[in-house]
Structures are given as C-alpha cells and as structure tokens.
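To start, the structure under review is shown below, and the notes come after it.
The values are calculated or read from the model by the stated rules, or taken from the named source; none is laboratory data. Worth saying up front: this structure is predicted, and the values here are computed from it rather than measured. Cβ atoms come from the backbone with ideal geometry, glycine included; neighbour counts cover every protein chain shown. Ligands, DNA and RNA are excluded from the accessible area calculation, which covers all protein heavy atoms including side chains. Shrake-Rupley method; radii C 1.70, N 1.55, O 1.52, S 1.80 Å.
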Amino acid sequence: MSETQGESSKSLVEQVKTSIQRMPLFPAGERDRLRATVSNLILHIHPPKVEQRALRFSYTFGLGGLLIVLATVLAITGVLLLFIYTPSPEAAYDSMIALQTEIRFGNLIRNLHHWSGNAMVVVGVLHLLRVFFTSAYAPPREFNWIMGVSMMLLIIAANFTGYLLPWDQLAYWAITVGTSLLNYIPLIGEPVTRLLLGGPEVGAATLTNFYGLHIAVIPLTIFGIASFHIWRVRKDTFSVPRNLNEDPVSRKDRVTTIPHLVNIEFVFALVMLALLIGWAVFVNAPLEEAANPAHSPNPAKAAWYFMGFQELLLHFHPVFGAIFIPGLGLAGLFALPYLERDQDVVGIWFQSTAGRLLTIFNALAGIGVTILLVLLDEYWLDLPGWLPFLPSSISNGWVPTAAILLALILYADFLKTLKFKKTEIYQAIFTYLFFAFVTLTVIGIFFRGEGMALVLPWN
Amino acid sequence: MVKKIIIGILALTVITSTAAAVAYNVGKSQAAPLIAEEPYIAEDIPASNPVRDNNIPHEASPLVEAEGIMGEPFTALAQIRGFDTTGMNVVFETGETAYIELGPEEYWRSQSVELRETDIVTIEGYANEEMYHAVSVTTADGEQIVLRSESGQPLWSGNDGQSPGGGSQDGTHTSGSQGGQNSIQIPAEDWVTYTGTLSAIANGRMTIRLEDGTSISFRTGQPRFFRSQGVEFSIGDQVEVVGFYNNGSFSAGDVVQLSTGIRVMLLDPNGRPLWAGPGNSTGSPLPTSIPAP
C-alpha cells in the first residue's frame, strides 16, 4: 500500500517536472543535446550545431551575447524602478532622491540601470564594428545588418528618452539641446519636435512622452526587431572566422551547441554581470540638482553620444551639421551591404594584410585630420567672414561639405589607383569617418568649456 | 557618368568659393593703401598716437575719463565701405576693417550730413570687445554727425543719459523709442510674447516665423552683439521674443534661444537698446545674457 503511494507520489513530481522541462537539463548524449537545443525556449535561438571556429572568442568577443545580457539587466532593473518612479516634474527628482536614500538597494538598481544603458550604446557600436571589420554583413546577411543598425538607433533613442527621467539639470538641458537638433530637419523638424516635446519646450508633457517611449514603445520595438535579428542569425548561419587567404570553411568541424556554445555564453554572462555589478556598486549614476528651466548651465551639452553632432553644429550650418552630414552617414551605413563587392572576405578581420594597414592608417588619419580641422576652424578658418555675400547655409554649409565630399571621393580614387580592392576602400572610408566622429565626440565631451570654447580639460 | 557629374559639382563649388574668398580678401587688403595715400590723413594723425592691440589708431579724448564705463575710447580715420540700417563698414588706415555702430539709420540720416561710400571720415567713439560705437562722425569737410552725448548715451534712444530712466518699479516696462523722442512707458499687459522659428537675421534685424505662418521683424543690432553675449543665432533656431508694439512696429525687449535657454536682453530698463553699447553713466545696465525663466 505504502509502496503504491510512493510510486504514485513520485510519478506526480515527475509528471509536473516533465510538463515544464521535457528534456533533461544536462543532456548526456549527442542526440539528447541536439534535441534539447531545439526544444528549449531560450536555446532554440541557436542552431543545434555550430562551426567550432565560430566559437572563437577573439572573433566575436561575445558582444552580441553581451547586448542580450545588458538588455536583460535593463529590463529587470527597469521594472523595479517603475515601482518607485513617478513621471512628473514635481515628483521625478524626488523619486531619484528616494532611490538613493530611502529604498533598500535603490541606488544600486538605478546605477545598474544607468550603466547598463550606457554600456549598451558602447557595446552596440563595438558589435557593429566587429561585424563590419569581419565583413559579416555581406550576403546573405545584408538585411540583418539593416536590422542591427536600426536597433543601434533604437538603443540610442532608449538612452535619450531615459536621460530625461531623473529630471535633474543634466537631464533637462541635455534633452533641451538634443531635441533642438531635430528642429533643423526641413519641413517636419518643427512639428516632430513639438510632438515629441508635447509643446514648444521641455516640460511635463515631455516627461510623460519620454516615459511612455522609454518603458514601452522603444523596448517593445527593440524586442521585436531583436527576435527577428537573432532568428536571422541562426537561419543565415554564424559567420566563421578565417585566416588571411584562406578559402571559405567547409562545414566539417561542427560541434553541438550544448555544451560548447552554451557553456561559453553562460560563463561570459556571469563574468560580465560580476563586472557590471562591481562597477555599479562603486560608481554612482550622475545626479545633479533638480531641473531648473530658469538656469541653463554653461555650457549646455547634449548627452555624450550626441556630442559628435553638437560638435558638428559648431562647424557647419545647422542644416548640414545636424541633418545632411549625419543623414548621409546613416544612408551609407544602410547601403553598405548592398554596395558592389569584389571579393569574399567574410570572416577575415580587416579583409587582408593591406586592409589592416589601411585601417590603421585611416583610423589615425581620421583622428589627426579631424583635430587639425577643428583647430583650423576655431582659430583661422572663417568661411562666413570670407564669403559674406553668400548665405551662411552655402558659405558655412554646402561649401565645406562639398570640400569634404570631394576630398573623400578623390581619396577613394587615389586608393583605387594603388590597386586596393573595392571592399578595402569601403572599409578605409568607413574607418576614417568613424574615427573622425569619435574624435568629434571626444572633443565635444572633454575639450569644450564655457560658451563651447575649446579648453584643455586638465586646466 | 553620375560620379563625374557629382565630382564636377563639388569641384566647381570648392574652386569658385575659394576664388571668391581670395578675391574678397585681396580686395579688402588692397583697401588700406587707399587711405594711406590720402594726405589729409597723414597730416591729422600724430605719429605719437597710441596704438591699440588691434592696431586701430586712436588718440587722447575727453572720453578717456569715461573709460571702464563705456569701453575703450578711440579716434580714428577710416574710409567708409558700406552701410546697413544700424551702422557702416569701414577700413582703417592700417587696413583693418570694422563695423561701426551708428544707431538707427533714420536718426543719423536726418542730420543733413551726407555720408557716402568711399568717404574718408574721422570717427570718435569707444570700443567694447569687437564692437565699435560711434559718438560722432566727422567728414573731410568738417561736417559732423553727433550720435551720442558726452556720457555716451545714444541720443537717438530718447534719453540723454542725465536723467534716470523709468525702470519697472511701477510694474511697467519702459521702452526707448528710436528717433529722439522721450522714453515711453509700456504697461505690463501690453507686452506680448511670441515663439517661432528664426527665418532671417541680417542688417541688424531678426525675422521670426510664427506658428500661424505670419512673421514679425524687429531690430537687434549686429550679430557681433549676440556673439559678445556668448550666443550664436542661426536660421531655424527656435526663439521666444518678448516685446511690444509702438506705432505699429514691433520692438523686442529680449529674445531667448530655446535650444540653449540663453536670454539676450535687447533693451535695458530705461528702454535703451543694449546692443548700442553700455554708454550710460547713470548706472550699469542689466546683465545682457541671462537664463530663460
């Protein structure tokens, strides 16, 4: 009788367990491992088997996985913050103070959320660079590149909308400056800005709008695109690293996803989480005094990831600095995988030996030339003064833009005469422009003082 | 083919603009000898004249006593190169160019002294940073246009600088009418606020396109006034303007650049245009660049 009861009770536990997890958590045989990958909710985003070389850490640096880790941390800490935060100008800042002083682990949760969000921008850019410099955007992965770039923009949008929520001086004025960039979009700039702000300037309606975008619209959109993106990664197969001059790898060295890939991902996620928590424990998210619309800081700077654009505005007419040049760059990013290619270099870092040298050269040139041009424009170049009879949109907009475009085209032609391949030339131009933008961002963040004058940060 | 067309357009832009800039600057630099060749100038500028850092010659003047209140005084000979509605561009004998603030055109044109391009004139005034404000302009014939009182107060602002202005103690704003009339009191309820997009900034005026599609235009002084306040306005900027209507024309008291929140005062409590320079010995003007409320 008791034996029958024991058997019956055991089968019930087993029944419940099986109803949740049909496969063993740690499958032993290869066949079970393959089945576990396919039937598991999370693991099924992976193929059952992967090319062993694709697991090489020095190829991916785990950046895509790290983005998923950061997004998970953001979702969890974001939900926790929702319990405390009130999106109104009267209460938002008090919520921040309460988080820092009254709520158990409130400060840590806010720090984790803040730093994860900022890290996501950096890691997202690094992931994009990794994909670019290994040519992993080439067919058949063109559309996945488009989705990746779109998600990068959404990550920035998520950061930007979240930037306002603390409602401190930093937030208020950064958003005021940031949204003013939108005004320069011809025809639709003003109504779009007004729609986003909920009025002519940053206020209560802006906070509500940004809150809704930050906690619902943007995360859901990212989730939707990311799901598609990851599915396509699986369907298009992982790009596989190759050595220079090596033929595309045949699918012979394949291993099961469990445990080879899953173990790496798990350990990497734990290490990254440990580093993130360690950072969040010791470094507080910035919080200045409560927002005061009557007192603008000098200088009033945009969020750090927009400082490159704000720096551009100091040198170009707004239509070109805020719209034309960034728009051209973005169009180039989207068009990149569809440009004509003259070699299959997927999986080869920087394509070739010449490509590597060219990349290093253009990175240094991007930095050096940008610094030189900023100094020239600051202390000598005065196009509006030299061409006072032209409207500033021409003298300080179209003329310098045309000069830069012409220089880039001639430079590309020059590289062609040196027998560089098309893909190497694309890489060279991209590298140059990327490092130029990073240099502008660094100058904007660290080398601009009162009145946006050039200063040395250590003085 | 398309690439060649694009390269052609870009190259044409760069080459023509470079040529135009070179031609303009060469033209400017060649203007200096024109003055130096004038015997009139050579006789009237003593060799011992002090020379400022920017190489603009000036000599001792009663205005020196007021230095620190109105700016650094100067007297210089210059050739007129052009006019706009608030002043004139000149070339000093050193070849340096400058913009001289004269005040509203209707005021100095009404003094029956004709100023023409290429005329050689003696300018007495004072300099603040890169802004030059004329107290008087004397032609080669000895005719003189007087623009400011000895205390530096613009005569065209309606206040001679000797009497205190109305201020806003009684809850009213005071506005200077441009044209030599007395200060007028503008009740607080008559002040209006407009928000719009900057559609033009030239000749010492701003034009703003309002949300209903209409535009307003008002006097602001030269862009260098804004630069001296640490703010640059660009076409397309969102701005807020507070001002009033006087005889059907709009006068702006202050303008706020909404993207930065920086407010630039255009009129002081006495209604005197601040872009015309400090020049009021009765007290220092309000700070001209303050954050928006």
| Which three lengths, in whole Å and largest first, does segment A:319-401 cover when its Cα atoms are put on their principal axes? | 51, 26, 18
| said: Can you give me the long-range amide H partners of B:Gly87? Hydrogens built in the peptide plane at 1.01 Å from N, cutoff under 5 Å, separation of 5 or more residues or another chain. | reply: B:Leu102
| All lysines inside 20 Å of A:Lys421 as judged from Cα atoms, apart from same-chain residues fewer than 8 positions distant | B:Lys3
| said: Can you compute the modelled spin-label distance between A:Leu129 and A:Ile76, with each label point 7 Å from Cα toward Cβ, in nm? | reply: 2.9 nm
| field | Label-point gap, in nm, between B:Ser217 and A:Ala157 - each point 7 angstrom along Cα→Cβ | value | 4.1 nm
| note | Here the relative contact order (percent) of chain A, from C-alpha pairs under 8 Å and at least 6 apart, is 21 percent
| query | Normalized C-alpha radius of gyration of segment A:6-140, against 2.2 N^0.38 Å? | reply | 1.53
| request: Provide the buried accessible surface between chains A and B in square angstrom, both chains summed, 1.4 Å probe, rounded to the nearest 100. | output: 2300 Å²
| query | Based on the alpha carbon coordinates of segment A:313-459, what radius of gyration and maximum Cα-Cα distance (Dmax) apply, in Å? | reply | 17.2, 53
| request: Calculate, in nm to one decimal, what A:Ser88 and A:Leu456 gain on full extension: separation in residues at 0.36 nm each, minus their alpha carbon distance. | output: 128.7 nm
| task | Using protein chains only (no ligands, no nucleic acids) and a 1.4 Å probe, work out which residues of segment A:184-200 have their accessible area cut by at least 50 Å² relative to the chain alone. | result | A:Tyr184, A:Glu190
| query | In nm, to one decimal, how far is the A:Glu142 label point from the B:Val22 one, both placed 7 Å along Cα→Cβ? | reply | 4.5 nm
| message | In whole Hz and in residue order, list the ³J(HN,Hα) couplings for segment A:141-149 that follow from phi through the Karplus curve 6.51 cos²θ - 1.76 cosθ + 1.60, θ = phi - 60°; x for Gly and Pro. | response | 9, 4, 6, 5, 5, 4, 5, x, 5
| query | If the viscosity is 0.692 mPa s and the temperature 37 °C, what translational diffusion coefficient in µm²/s does Stokes-Einstein give for segment A:50-297 when Rh comes from Kirkwood over Cα pairs? | reply | 164 µm²/s
| field | Size of charge dipole - segment A:241-373 - debye, nearest 20, with Cβ of Lys, Arg +1 and Asp, Glu -1, no other charges | value | 200 debye
| query | Of the heavy-atom accessible surface of chain A (probe 1.4 angstrom), what whole percent is carbon and sulfur? | reply | 69 percent
| message | Rounded, prolate or oblate for segment A:242-334? Axes are the square roots of the Cα gyration tensor eigenvalues, ordered a ≥ b ≥ c, and the cut-off for rounded is a/c under 1.5. | response | oblate
| field | Within 10 Å of each Cβ in A:449-457, the average number of Cβ atoms from other chains | value | 1
| said: Give me the net charge for the shell around A:Pro89: Cβ to Cβ below 13 angstrom, other residues only, Lys and Arg +1, Asp and Glu -1. | reply: -4
| Once you charge only the Cβ atoms, +1 for Lys and Arg and -1 for Asp and Glu, what is the size of the charge dipole of segment A:50-297 about its Cα centre, to the nearest 20 debye? | 1100 debye
| field | 1.4 Å probe accessible area per residue over chain A, in Å² | value | 51 Å²
| Once you sort the root eigenvalues of the Cα gyration tensor of chain A as a ≥ b ≥ c, which label holds: rounded (a/c under 1.5), prolate (a/b larger than b/c) or oblate (the other case)? | oblate
| field | Gain upon complete extension [A:Thr237, A:Asp32; 0.36 nm per residue less C-alpha separation] | value | 71.6 nm
| Once amide H atoms are built 1.01 Å from N in the peptide plane, which residues 5 or more positions from B:Ser215, or in another chain, come under 5 Å H to H? | B:Leu210
| query | Assigning unit charges at the beta carbon (Lys, Arg +1; Asp, Glu -1) and nothing else, what dipole magnitude in debye, to the nearest 20, does chain A show about its Cα centre? | reply | 1660 debye
| field | Probe 1.4 Å, accessible area per residue of segment B:92-133, Å² | value | 43 Å²
| remark: Nearest 10, in degrees from 0 to 90: the angle of helix A:325-335 to the longest Cα principal axis of chain A is 40 degrees
| segment A:273-278 - phi-based ³J(HN,Hα) in whole Hz, Karplus 6.51/-1.76/1.60, Gly and Pro as x | 4, 4, 5, 5, 5, x
